[in-house]
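What follows is a single structure, written as structure tokens, with notes after it.
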Amino acid sequence: MKYIFDRLRWPDGLRRLWHRMGSPRWFYETTGPWVPWLAAAAALLIGVGTVWGLAYAPPDYLQGDSFRIIYIHVPAAYLAQAGYILMAICGVVLLVWRMKLADMVMATVAPIGAAFTFLALATGSIWGKPTWGTYWIWDARITSVLILLFLYLGIMGLRRAIERPEAAGRACAILAIVGVINIPIIKYSVDWWMTLHQPATFSVTSAPAMPPIMWLPLLLNVLGFNLLFAVSVIQGTRTEVLLRERRTRWVTDLCRQERA
Amino acid sequence: MTAPLASEPSLWVLFRGQLRRDLKLAFGQPSELANPLAFFVVVITLFPLGVSPEPGVLSGMAPGVLWIAALLATLLGLEALFRRDRDDGTLEQMVLRAQPLYLPVVARMLAHWMVTGLPLTLLAPLLGGMLNLAPEARLPLMLGLALGTPVLVLLGGVGAALTVGLRTGGVLLALLVLPLFVPVLILGVSAAELASSGLDPAGPLLWLAAGASFAITAVPFAIAAALRIGVETG
Amino acid sequence: MSEPVLDISGLRCERDDRELFAGFDLHIGPAEAVQLRGPNGAGKTTLLRCIAGMHPEYEGRIELLGAPVAGERLLFVGHRPGISGLLSAADNLRWHLDLAGWRGADSVVTAALTRVGLTGYDDVPCQQLSAGQQRRVALARLALPTAEVPLWLLDEPFTALDEAGLKLVSGLMADRLAGGGAILFTTHQPAPELPGLSTRWIGAAA
Amino acid sequence: MNFDSFGEFLAMGGHGFYVWWSYLLTAVVVSWILVWPLWRRRRFFEEQRGRLRRADALGQQTEVESNAPET
């Protein structure tokens, strides 16, 4: 893969950018100014989307007002999967190009992704109570998300268990790649299994043809949560950069400045 | 400058040598060989005692019980898979010397499957009979296990390789690999269930066959990469 | 001077967040042996593992015959014997031949065991042998035809050996040097008499 | 506005309990996600500051460990 990549004709600028991106210091210094802007945009989008969704969108004709949980459940469920895929991509970058920064991103994404997975699971379960009359049902979607949570916990456990950070990074990369290949297989097998056992399950999120006044706030929240995810990953990675590079000159100098 | 080897290195010798060594090691310790099988039988015995001895109830849950017991028995055998080799240094010799590492890894997993997955598969119809499994489900159950246990052993091998140098191995290993076992469990159980309700089990069995061929091709690379980490420093 | 077998330059290596050595250079030519000396914890073992590719936390250049190090072109004897206690000496050695894909006959195994003074112990499980005998089984790998590789890395090859064992190992090393190989080894014992032997200090006591 | 009064808004057509719990939980988890790295970062700077102060007090060279090359 690296062989193919190295032999493609990349524009010089892109190639330089790619190599510079490998530098944790570059990441730390470049992304610093982005954070307030991203955070502000995230707050705006989520604020508008949530208020709109909670107060202005009409109730669902079947589920009434409980459907308003959708405005956080869907973004959380989406980020839960996106986070795992991001980890696997970082894993490939780490294994192929040995880019330390990819490992730092991967280490940061794991707990954040797990948090969103937990959130998707919890909101889904709370939503289940008014919809199905019980907090827990072995619905295909919820079951897959639960397994996804186990996968996240496995990666976090593995990273904690391995002492050398360098080895922990590559071990997690392997596990993330194996896991990401498995995720669609798990999802389809669970879906298929559930339909085999309880045909025609009432699916909560496939309400037919939502009117724009209902899906626009959802879109806003999905975008907003994406930015929120980006903010927390960038912040977390910046901290991770400092911790791992604590013995380099530039971090020591930074600590000195902070003191003044 | 240096004398060449007697001839070009032979990949077949590499594969066969590893397989022969691992089988010798396995059969050198009959108790370790028998433990996962005994566990399999004991777990299955618990279900009629813990749930219900009613033949009707048993036959309904037989495929699931047999598969979960097989899953746990596989898991039980995984922890020691690379540990002894790591401790006595043979693992680092294998990682250093074997070229490509893929071949001895496949041989290692094949040997492990021959002493765990294969006997489980052969034993399953007998225990299925004790659980009142429908006779027409016997063959699909065995086929499912024959195709599914290699996948379990391979995926488990990744977990075992990743945790080979760790003190907290056992529980972490279960957390790492059990979620990955889910599709195999579902496909294996549904093949047996479809057959026992008189339907065609070919669908899930074909999926299992596809999964097995993919796993045999791709997963040893992941195991090899994980083993390289496992022998580093320490 | 001929092309070096092992060529290390500007090597900097850490372990457990601590720098062991930096700016380390070492060149070993054919038929040369280098004894690595230094206090405990100086990084002798880590250096050997770096070269063998089993310690990735390093910066610098390590080349074997002008190419990145490949495991099949060196022979590594570490603290761990590389011998399975449940298998017989012969089975263990046969496996080491198999690992290298060696097609030849099994007679070389018997020859190697004879060379290390274990005639007749072929089929005894290694764990039933004494510590010194087990050490000899591990070192019998040096007498196999697959040991004819450009570089040997030996970590404390003389521990747990008696006078005769010591002679035996230095004899094997001398043979390899005569065959044009290069050897890098560590030891706490006084170094044996070897042609082309030099000493290299590592760590504080330099 | 979809609701006639604030009370109705809170009640969410009888589903208020579920809706508000979900949003509260989300608020908690999201704030944890955002605060945790900042907290870690602050703790890191405090630790480093302590180390630097100790190094300065000893009057030694102030480079903590200067052997790591610049990246």
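When restricted to residues that are surrounded by fewer than 18 Cβ atoms within 10 Å (Cβ to Cβ) and assigned to a helix (DSSP H, G or I), the stretch A:130-148 contains 1. Within the stretch C:178-195, the residues that satisfy the criterion of being over 25 Å from C:THR46 (Cβ atoms) and of a type outside the set (Asp, Glu) are C:ALA178, C:GLY179, C:GLY180, C:PRO195. Kindly indicate whether C:LEU86 is of a type in the set (A, V, I, L, M) and at the interface with another protein chain (Cβ under 7 Å from one of its Cβ atoms). Against the criterion (of a type in the set (A, V, I, L, M) and at the interface with another protein chain (Cβ under 7 Å from one of its Cβ atoms)), C:LEU86 qualifies. From the list B:ALA34, B:ALA26, B:ALA62, B:ALA70, the one residue that fits, being of a type in the set (A, V, I, L, M, F, W, C), within 13 Å of chain C (Cβ to nearest Cβ) and either part of a helix (DSSP H, G or I) or closer than 30 Å to C:ALA131 by Cβ (or both), is B:ALA26.
Applying the criterion of at least 1 residues that are polar (S, T, N, Q), in contact (Cβ under 8 Å) with a residue 24 or more places away in the chain and within 22 Å of C:ARG176 (Cα to Cα) to the strands (runs of 3 or more DSSP E) found wholly in the stretch C:5-108 leaves C:33-37. Within the stretch C:56-73, the residues that satisfy the criterion of being under 22 Å from C:LEU142 (Cα atoms), touching a helix residue (DSSP H, G or I) at 6+ places or on another chain (Cβ under 8 Å) and more than 8 Å from chain B (Cβ to nearest Cβ) are C:LEU64, C:LEU65, C:VAL69. Among the candidates B:VAL171, B:VAL158, the residue that is assigned to a helix (DSSP H, G or I) and more than 8 Å from chain A (Cβ to nearest Cβ) is uniquely B:VAL171. Looking at the stretch A:149-170, which of its residues are closer than 18 Å to B:LEU175 by Cα, basic (Lys, Arg) and in contact (Cβ under 8 Å) with a residue 40 or more places away in the chain? A:ARG159, the sole residue that qualifies. Of all the residues in the stretch D:1-25, those that are assigned to a helix (DSSP H, G or I), out of contact with any His (no Cβ under 9 Å at 6 or more places or on another chain) and surrounded by 12 or more Cβ atoms within 10 Å (Cβ to Cβ) number 13. Scan the stretch C:149-183 for residues that are assigned to a helix (DSSP H, G or I), over 16 Å from C:LEU36 (Cα atoms) and in contact (Cβ under 8 Å) with a residue 60 or more places away in the chain and report the count. Looking only at that region, the number is 2. Residues in the stretch A:32-55 that are among the aromatic types (Phe, Trp, Tyr) and loosely packed, with under 14 Cβ neighbours inside 10 Å: A:TRP34, A:TRP37. Being more than 13 Å from chain B (Cβ to nearest Cβ), touching a Leu at 6+ places or on another chain (Cβ under 8 Å) and surrounded by fewer than 18 Cβ atoms within 10 Å (Cβ to Cβ) is the filter here; which residues of the stretch C:139-169 pass it? Matches in the stretch C:139-169: none.
Being crowded, with 19+ Cβ neighbours inside 10 Å and in contact with a strand residue (DSSP E or B) (Cβ under 7 Å, 6 or more places away or on another chain) holds for only one residue in B:LEU96, B:LEU91, B:LEU141, and it is B:LEU96. What number goes with the only condition from (1) in contact with a helix residue (DSSP H, G or I) (Cβ under 8 Å, 6 or more places away or on another chain); (2) over 28 Å from C:MET54 (Cα atoms) that A:LEU175 does not pass? Condition not satisfied by A:LEU175: (2). Evaluated against (1) over 11 Å from the mean Cα position of the chain (by Cα); (2) surrounded by fewer than 21 Cβ atoms within 10 Å (Cβ to Cβ), B:LEU101 falls short on exactly one condition, (2). Of all the criteria given as (1) modelled with pLDDT of 95 or more; (2) crowded, with 24+ Cβ neighbours inside 10 Å; (3) hydrophobic (A, V, I, L, M, F, W, C), the one not satisfied by B:ALA222 is (2).
For the stretch D:33-60, taking the residues that are surrounded by 12 or more Cβ atoms within 10 Å (Cβ to Cβ), more than 18 Å from the chain's Cα centre (by Cα) and at the interface with chain A (Cβ under 9 Å from one of its Cβ atoms), the one that is farthest from A:PRO111 (Cα to Cα) is identified as D:LEU52. Here the stretch B:191-217 is the region considered, the condition is being assigned to a helix (DSSP H, G or I) and free of Cβ contacts under 8 Å to residues at least 24 places away in the same chain, and the residue that is surrounded by the most Cβ atoms within 10 Å (Cβ to Cβ) is B:TRP207.
A:ALA57 meets the conditions (1) over 22 Å from A:ILE181 (Cβ atoms); (2) modelled with pLDDT of 85 or more in every case but one. The failed one is (2). Comparison of A:LEU38, A:LEU17, A:LEU54 shows that the only residue that is in contact (Cβ under 8 Å) with a residue 40 or more places away in the chain and either touching a Pro at 6+ places or on another chain (Cβ under 8 Å) or not hydroxyl-bearing (Ser, Thr, Tyr) (or both) is A:LEU38.
Buried (at least 24 other Cβ atoms within 10 Å of the Cβ) and either touching a residue at least 60 places away in the same chain (Cβ under 8 Å) or among the acidic types (Asp, Glu) (or both): is that true of A:TYR78 in this structure? So A:TYR78 fails the test.
A residue that is of a type in the set (Val, Ile, Thr), within 30 Å of A:TRP37 (Cβ to Cβ), modelled with pLDDT under 90 and out of contact with any helix residue (DSSP H, G or I) (no Cβ under 7 Å at 6 or more places or on another chain) occurs somewhere in the stretch A:203-219. Could you please find all residues in the stretch C:39-52 being over 14 Å from the mean Cα position of the chain (by Cα) and surrounded by 19 or more Cβ atoms within 10 Å (Cβ to Cβ)? Once the filter is applied, which keeps residues that are over 14 Å from the mean Cα position of the chain (by Cα) and surrounded by 19 or more Cβ atoms within 10 Å (Cβ to Cβ), the stretch C:39-52 yields C:ALA42, C:GLY43.
The values are calculated or read from the model by the stated rules, or taken from the named source; none is laboratory data. Quantities reported herein were computed from a predicted structural model and do not represent experimental measurements. Cβ atoms come from the backbone with ideal geometry, glycine included; neighbour counts cover every protein chain shown.
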